[in-house]
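Trainee: Provided herewith is a single structure, encoded as structure tokens, for subsequent inquiry.
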Amino acid sequence: MNDYRKAIAGLVARESGIPAETAEGMIAVPPDKELGDFSFPCFALSKEMKKNPAEIASGLQQRIKPSGIVEKIVANGPYLNFFLNKAMLAEAVISEISASKEKYGSLNLKNRKALIEHTSINPNASPHVGRARNAIIGDSLSRILRFHGYRTEVHYFVNDIGKQIAMLVFGCGSKRLEFKDLLDEYVKINAELEKNPELEKKVFELLKKLEDGDKQVIARFRRVVELCIIGQAKLFEELGIRYDFFDYESKYLWDKKTEDVLRQLQGTGRVFVDADGRNVLNLEGFGLAMEIPVFVLTRADKTSLYGLRDLAYNLDKISRAKDRNIVVLGEDHKLYFRQIESTLSLMGLKAPEAVHYSFILLASGKMSTRSGNLVLLEEFMQQALEKAVRELASRGKSMKNSRPLAKAIGYGALKYHIIKVSPEKNVVFDWEQALSFDGESAPYIQYAHARICSILKKASLPKSKKTNFSLLGAKEETGLASALANFPEIAERACSQLRPHLIANYAYLLADSFNRFYHACPVLSEEKELMNARLQLILCVKYVLEICLSLLGIESPESM
RNA sequence: GGACCUGUAGCCUAGCCUGGAUAAGGCGACAGCCUUCUAAGCUGUAAAUCCGGGGUUCGAAUCCCCGCAGGUCCA
């Protein structure tokens, strides 16, 4: 579509005298397809030429001759509207997709490497849906990066040595526990500490022993953390979300690297020892919204704090991420991340690109693992799966072999519900909406895909026969073709701006466009030439729907 | 007290970066469409002070300023 925009800008530029680049920026898309495929508003020229914009439009219309893919030019009031040749457009987009198939829309980058860190939940319990927003966005981003050609590695930073985890270790004692028990233990120990603040001392004692390298305590921490990480990873694996590396914060605890970082920062002359004896970095001049813009690096005993360890971790990530270095963080980490970013810049390093998302709330208030006021991801998965099983049963699908299909549909709906919303928006979790399989949902998109598969299964695509694309003139057909043509632009933006919801929204529009086509334009019952052209068209739709769903981490079942 | 994000029909959302034609979808409601490729679908109707107020502009949901409300963080 961008090429056509450029071509039209060229035509306008030649006749109006404005530079082609300026003209390109002015080319717009009319609100209604009936008005044209592109338009050039003449208001700006009107000011310059001191002439009525409608006159300018009609003047330009007379001078610009349609050529190539531009079929018709119409002045409509102050707008100059351009109509593309639908048959040529369909032919161009169909042959491009037929050639590139599952790579259609890919930037096909070569020798690029990307790193993305996401999820990175405190390993203290089963994750709630708010945490899952991180994983789902991050997973989709990693898929988008790979699609465009980045060799991409996915990292999970395990905060295995904080106070939260120490509390859990303390609470667990020597009990033999399973993953599912951890949440209860976590809630229990939080309540106990609230009642009896004296216990906190013991928690810190435990943490101190860990940091001092007490082998027995280390083993206790490791046992709880592993239980948790394995449980979480299994849950995410069930959703098709995988990690290449689990990076443990404890690795940076005794690491010389934190000392190197500290030394390097001291070289900037910005490190000072504060009233409490801690090493603190002065971050004045970075526009941080803090009364005293600093970053605390160590405790009074000069042992590292989380921030310093995170900096060392960032150095590791930077050394591995050649071209894109991405981290997905909750909005609560915005300021903290700006501190990291500023500090890295003092070291002459480029911080990761951060994708921040807002929290998922409950109608009853904020979600909190500590208070137990939450919807667990597990629970959401379970409900989605059960609903999918029910829906399949109501359609007479056998219960025995339908489990993978139910997962594809249920988990698809779950992921889509989370990812379709812009990440900066708060979401109030609502079961009815979250479990909807109608309208703007994954099952709707999957259903369109399954319908295409069903038609293709019943048809035989003729081999290497010339297709008469001019037959694809119905508005449902041209609508589909231009929807297909829009995809590469969307795929590019989703990657450059790190916004997967663009893919989700687009996939719905494409499926919607197909469903309208499906009802208006029969395929198999048509005579050969038209059937062939329509088969080519829907095969392309199938490819693009599959691409979109795979970029969202959602499966594309062939029937449902 | 300060900073950032969000505010669009009863409910949920897209559009905002990059200003342009009657503000686009979904859920819910109402009225239709299955002897025809899967009705998880399609068609139509009703429903909006685009949070409020200023400003910039030929033109503002979109840009700027001042408020209000929710979320987040800092102190």
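Condition check ((1) aliphatic (A, V, I, L, M); (2) more than 7 Å from RNA strand B (Cβ to nearest atom); (3) without any contact (Cβ under 8 Å) to a residue 12 or more places away in the chain) across all residues:
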residue: A:N486; (1), (2), (3): no, yes, no
residue: A:E489; (1), (2), (3): no, yes, no
residue: A:H501; (1), (2), (3): no, no, no
residue: A:Y508; (1), (2), (3): no, no, no
residue: A:M531; (1), (2), (3): yes, yes, no
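Trainee: Of a type in the set (A, V, I, L, M), closer than 28 Å to A:A233 by Cβ and in contact (Cβ under 8 Å) with a residue 12 or more places away in the chain: is that true of A:V428 in this structure?
Mentor: Working: of a type in the set (A, V, I, L, M): yes; closer than 28 Å to A:A233 by Cβ: no; in contact (Cβ under 8 Å) with a residue 12 or more places away in the chain: yes.
No; evaluated as a whole, the condition is false for this residue.
Trainee: Now a separate question. Output the number of residues of region A:422-452 satisfying the condition of being touching a Lys or Arg at 6+ places or on another chain (Cβ under 6 Å) and closer than 13 Å to A:I360 by Cβ.
Mentor: 0
Trainee: Does A:N515 fit the bill of being more than 12 Å from RNA strand B (Cβ to nearest atom) and either at pLDDT 95 or above or in a loop (DSSP other than H, G, I, E, B) (or both)?
Mentor: Values: more than 12 Å from RNA strand B (Cβ to nearest atom): no; either at pLDDT 95 or above or in a loop (DSSP other than H, G, I, E, B) (or both): yes.
No.
Trainee: Let me ask something else about it. Condition (residue is within 16 Å of A:M88 (Cα to Cα), out of contact with any strand residue (DSSP E or B) (no Cβ under 7 Å at 6 or more places or on another chain) and either within 14 Å of RNA strand B (Cβ to nearest atom) or without any contact (Cβ under 8 Å) to a residue 24 or more places away in the chain (or both)) applied to region A:536-543: is it met by at least one residue?
Mentor: For region A:536-543, residues within 16 Å of A:M88 (Cα to Cα), out of contact with any strand residue (DSSP E or B) (no Cβ under 7 Å at 6 or more places or on another chain) and either within 14 Å of RNA strand B (Cβ to nearest atom) or without any contact (Cβ under 8 Å) to a residue 24 or more places away in the chain (or both): present.
Trainee: If you don't mind, there's one more thing I want to ask. Consider A:I554 carefully, then state whether it is at pLDDT 95 or above, of a type in the set (V, I, T) and more than 13 Å from RNA strand B (Cβ to nearest atom).
Mentor: Values: at pLDDT 95 or above: yes; of a type in the set (V, I, T): yes; more than 13 Å from RNA strand B (Cβ to nearest atom): no.
For A:I554, the condition - at pLDDT 95 or above, of a type in the set (V, I, T) and more than 13 Å from RNA strand B (Cβ to nearest atom) - is not met.
Trainee: State the number of residues belonging to region A:74-87 that are touching a residue at least 40 places away in the same chain (Cβ under 8 Å) and farther than 15 Å from A:E34 by Cβ. Steps first, answer last, please.
Mentor: In the first step, residues of region A:74-87 are kept if they are touching a residue at least 40 places away in the same chain (Cβ under 8 Å); the result is A:76, A:79-84, A:86-87.
Narrowing further to those that are farther than 15 Å from A:E34 by Cβ: A:80, A:87.
Qualifying residue count, region A:74-87: 2.
Trainee: Give region A:455-496 a look and list any residue that's in a loop (DSSP other than H, G, I, E, B) and surrounded by 19 or more Cβ atoms within 10 Å (Cβ to Cβ), or say none. Don't jump to the end; show me each part of the working.
Mentor: Step one: of region A:455-496, the residues in a loop (DSSP other than H, G, I, E, B) are A:459-468, A:472-474.
A:T467, A:L472 - these are the residues of region A:455-496 that are in a loop (DSSP other than H, G, I, E, B) and surrounded by 19 or more Cβ atoms within 10 Å (Cβ to Cβ).
Trainee: Let me ask another. Please go through region A:47-64 and pick out each residue that is in contact with a helix residue (DSSP H, G or I) (Cβ under 6 Å, 6 or more places away or on another chain), over 12 Å from A:P78 (Cα atoms) and not aliphatic (A, V, I, L, M).
Mentor: The one that is in contact with a helix residue (DSSP H, G or I) (Cβ under 6 Å, 6 or more places away or on another chain), over 12 Å from A:P78 (Cα atoms) and not aliphatic (A, V, I, L, M): A:R63.
Trainee: All but one of (1) of a type in the set (S, T, Y); (2) in contact with a strand residue (DSSP E or B) (Cβ under 8 Å, 6 or more places away or on another chain); (3) within 7 Å of RNA strand B (Cβ to nearest atom) hold for A:S454; which doesn't?
Mentor: (2)
Trainee: Same structure again: Report yes if A:L414 is over 23 Å from A:H333 (Cα atoms), over 19 Å from the mean Cα position of the chain (by Cα) and among the hydrophobic types (A, V, I, L, M, F, W, C), otherwise no.
Mentor: Here the answer is no, as A:L414 does not meet what is asked.
Trainee: Restricting to region A:347-368, and then to whatever is away from RNA strand B (no atom under 13 Å from the Cβ) and in contact with a Phe, Trp or Tyr (Cβ under 9 Å, 6 or more places away or on another chain), can you tell me which residue is nearest to A:I409 (Cα to Cα)? Show your work before the answer.
Mentor: So in region A:347-368, the residues away from RNA strand B (no atom under 13 Å from the Cβ) come out as A:347-353.
Now narrow it down to the ones that are in contact with a Phe, Trp or Tyr (Cβ under 9 Å, 6 or more places away or on another chain): A:351-352.
Details: A:A351: 38, A:P352: 34 Å.
By that ranking, first place goes to A:P352.
Trainee: So which residues in region A:431-451 are more than 6 Å from RNA strand B (Cβ to nearest atom), in contact (Cβ under 8 Å) with a residue 24 or more places away in the chain and of a type outside the set (V, I, T), if there are any at all?
Mentor: A:W431, A:A434, A:L435, A:S441, A:A442, A:Q446, A:A448, A:H449
Trainee: Looking for something within 10 Å of RNA strand B (Cβ to nearest atom) and either in contact (Cβ under 8 Å) with a residue 24 or more places away in the chain or basic (K, R) (or both) - is there at least one such residue anywhere in region A:467-477?
Mentor: Here is the first cut: in region A:467-477, the residues within 10 Å of RNA strand B (Cβ to nearest atom) are A:476.
This time we only want the ones that are either in contact (Cβ under 8 Å) with a residue 24 or more places away in the chain or basic (K, R) (or both), so: A:476.
There is at least one residue in region A:467-477 that is within 10 Å of RNA strand B (Cβ to nearest atom) and either in contact (Cβ under 8 Å) with a residue 24 or more places away in the chain or basic (K, R) (or both).
Trainee: Residues being near RNA strand B (Cβ under 7 Å from one of its atoms) and either under 17 Å from A:I241 (Cα atoms) or not assigned by TED's automatic domain parsing to the domain that holds A:I445 (or both): count how many of those fall in region A:376-419.
Mentor: Of the residues in region A:376-419, 1 are near RNA strand B (Cβ under 7 Å from one of its atoms) and either under 17 Å from A:I241 (Cα atoms) or not assigned by TED's automatic domain parsing to the domain that holds A:I445 (or both).
Trainee: Answer yes or no as to whether A:R176 is surrounded by fewer than 24 Cβ atoms within 10 Å (Cβ to Cβ), within 16 Å of the chain's Cα centre (by Cα) and basic (K, R).
Mentor: Details: surrounded by fewer than 24 Cβ atoms within 10 Å (Cβ to Cβ): yes; within 16 Å of the chain's Cα centre (by Cα): no; basic (K, R): yes.
For A:R176, the condition - surrounded by fewer than 24 Cβ atoms within 10 Å (Cβ to Cβ), within 16 Å of the chain's Cα centre (by Cα) and basic (K, R) - is not met.
Trainee: Still on this structure, I have one more. Can you tell me which residue in region A:32-71 is farthest from RNA strand B (Cβ to nearest atom), limited to those that are in contact (Cβ under 8 Å) with a residue 12 or more places away in the chain, within 39 Å of the chain's Cα centre (by Cα) and loosely packed, with under 14 Cβ neighbours inside 10 Å?
Mentor: Looking at residues that are in contact (Cβ under 8 Å) with a residue 12 or more places away in the chain, within 39 Å of the chain's Cα centre (by Cα) and loosely packed, with under 14 Cβ neighbours inside 10 Å, I get A:G68.
The values are calculated or read from the model by the stated rules, or taken from the named source; none is laboratory data. The structure displayed is predicted, hence computed values, not measured ones. Ideal geometry is used to build each Cβ from the backbone, glycine not excepted, and the neighbour counts take in all protein chains shown.
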